[in-house]
Amino acid sequence: MVRHGDPAIADELSPSTPALTQGILMFAMAFGFGVGTFIAGQLIDVGGFVSVVDYCAASIIVTLVFAFATLLFKRK
């Protein structure tokens, strides 16, 4: 449980300094945004905007399958 005055969860879990941890997270977010924009652009060029919606729907379904599998097979 996090109480007032305790360090953030990321600070507690990361072996790196808080500044480096935040920098790595920001890099990952920027990289993900760039890759997502590239994928969307390629999909629009090939199949129009509807292909982006189809891709997002398929990605959501795959993510839900992984989430449910994780919940079912996690150790108790």
Between Ser14 and residues 5 or more places away or on another chain, which pairs have amide H atoms under 5 Å apart, with H built 1.01 Å from N, and which residues are they?
-> none
Full extension from Tyr55 to Arg75: what is 0.36 nm times the residue separation minus their Cα-Cα distance, to one decimal in nm?
-> 4.0 nm
With r as the distance between the Cβ atoms of Thr63 and Gln22 and R0 = 35 Å, compute the FRET efficiency 1/(1 + (r/R0)^6) and round to 0.05.
-> 0.90
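Since every read-out is calculated from the coordinates, none of them should be taken as a lab result. Quantities reported herein were computed from a predicted structural model and do not represent experimental measurements. Glycine gets a Cβ as well: all are built from the backbone with ideal geometry, and neighbour counts include every protein chain shown.
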